[in-house]
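Reviewing the structure listed below.
The values are calculated or read from the model by the stated rules, or taken from the named source; none is laboratory data. Source: prediction; values computed, not measured. We place every Cβ from the backbone using ideal geometry, glycine too, and count neighbours over all the protein chains shown. Ligands, DNA and RNA are stripped out before the accessible areas are found, and what is left, the full protein with its side chains, is counted by its heavy atoms. Shrake-Rupley method; radii C 1.70, N 1.55, O 1.52, S 1.80 Å.
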Amino acid sequence: MIRDIRIVRHLELMRQESHEQSQLSHNMALSPPLLYTYRRCPYAMRARMALLLARVSFDAWEIVLRNKPEAMVLASPKATVPVLILADGAVLEQSWDIVKWALTQPGASAEAHACWHSALNSDSQQLLLLNDGAFKYHLDRYKYPERFETIEHPDRARQLKETHREQAVVSLLEPLEQRLRERPFLGGAQLGAADIGIFPFVRQFAAVDPAWFETLPLDHVKQWLAQCVGSALFAAAMQKLPSNIRTPYPVAGQ
């Protein structure tokens, strides 16, 4: 009799554990992805735009740089944004991986899939490599020279800043100008993943000295940048969110 009671109790516990596990899986499936982001970071901008374009419902955590959330650092020890935590616990910690994941979801629209595939040609891939490589290197040293070198003489500091500025133009903006003479966007007639991936950095470059940027003989780049910055997609991606709290990100049409 006692043995029978123990067997029944054991079966009840097994059923309870099975139910709790099922409920946990269900809750995880319902939980939207969580994007750790920073509004002004160009890498995070490209991630937000891809998620929005694909109409992926997601939560956002706007970080404070001097007080990064412990959960983000544990999930991604590199401790830089963007970081996307998927519903199943998987972690995407590179911005281009987030762009690819968002735009190639099985349920993503034809527009989203076309956006991704427009960036797979060799020219767009080369421009993305230049952007994330040589251009970013010179952009950082043009925008934030004090972070990389301590130079007391003002003339020398100005000379180095101008050198990095010129190298940034040569490394990316001139190839961009050549590409954009043939089409309004990098992938064709519509804004695509390559545009999303590159223009936030060009915007940052132009903002360092807007008057000087306007003197550059890069009319196609300027027109392209204005179209990208003036797009509804970029406006949606630049919404201000409260800091240090998980917030459902507003997605148009949902």
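Observations, loosely collected:
- Basic side chains Lys and Arg get +1 at the Cβ, acidic Asp and Glu get -1 at the Cβ, and with that the dipole of segment 117-247 about its Cα centre reaches some 440 debye.
- Cut-off 15 Å between beta-carbons: net charge of the residues surrounding residue 244, Lys and Arg +1, Asp and Glu -1: +2
- Contact order relative to length of segment 130-254, as percent, for alpha carbon pairs under 8 angstrom and 6 or more apart: 23 percent
- Annotation for segment 108-173: chymotrypsin sites (Phe, Trp or Tyr not before Pro) lying in DSSP loop with at most 12 further Cβ atoms inside 10 Å of their Cβ are 148.
- Carbon/sulfur fraction of accessible area - segment 120-168, other protein chains in place, 1.4 Å, %: 47 percent
- Calculated accessible area for the chain comes out at 55 Å² per residue, all protein chains present (probe 1.4 Å; ligands, DNA, RNA ignored).
- The chain: relative contact order in percent, alpha carbon pairs under 8 Å with at least 6 residues between: 26 percent
- Counted charge near residue 36, where neighbours are those whose Cβ lies closer than 13 Å (Asp, Glu -1; Lys, Arg +1): +1
- Paramagnetic label zone (point 7 Å from Cα along Cα-to-C-beta, residue 59; backbone N under 14 Å) in segment 73-93: 84-89
- For the chain, the membrane-span-like helices by this rule, meaning whole DSSP H stretches whose C-alpha atoms cover at least 20 Å of axis and whose Kyte-Doolittle mean is 0.0 or above, are 193-208; this says nothing about an actual membrane.
- Under 5 Å from the amide H of residue 119 lie the amide H atoms of 193, 194, each residue being 5 or more positions distant or on a separate chain, with H modelled from the backbone and absent for Pro and chain starts.
- If you wrap segment 170-239 in the convex hull of its Cα atoms and look at it from every side, the mean projected area works out to 4.7 nm².
- Rg and Dmax over the alpha-carbon atoms of segment 60-120 stand at 13.7, 40 Å.
- Compactness of segment 101-250 - radius of gyration and Dmax, Cα, Å: 17.3, 57
- Segment 27-135: projected area of the alpha-carbon convex hull, averaged over directions, in nm²: 7.5 nm²
- Placing unit charges on the Cβ atoms of the charged side chains and taking the dipole of the chain about its Cα centre, the candidate lying farthest along the positive direction among 64, 226, 170 is 64.
- Extension gain for residue 126-residue 79 works out to 14.2 nm (0.36 nm per residue, less the C-alpha to C-alpha distance).
- Near residue 103, once Lys and Arg are set to +1 and Asp and Glu to -1 for all other residues with Cβ below 14 Å from its Cβ, the sum equals +1.
- Which of 131, 198, 101, positive extreme of dipole for the chain (C-beta unit charges): 101
- Using a cutoff of 8 angstrom between alpha carbon atoms and counting only pairs six or more residues apart, the relative contact order for segment 58-160 works out to 9 percent.
- Rg and Dmax [Cα atoms of the chain; Å; Rg one decimal, Dmax integer]: 23.2, 94
- For the chain, a crude dipole built from +1 on the beta carbon of Lys and Arg and -1 on the beta carbon of Asp and Glu, taken about the Cα centre, is about 460 debye to the nearest 20.
- Alpha-carbon centroid distance for the pair segment 163-186 / segment 132-154, whole angstrom: 19 Å
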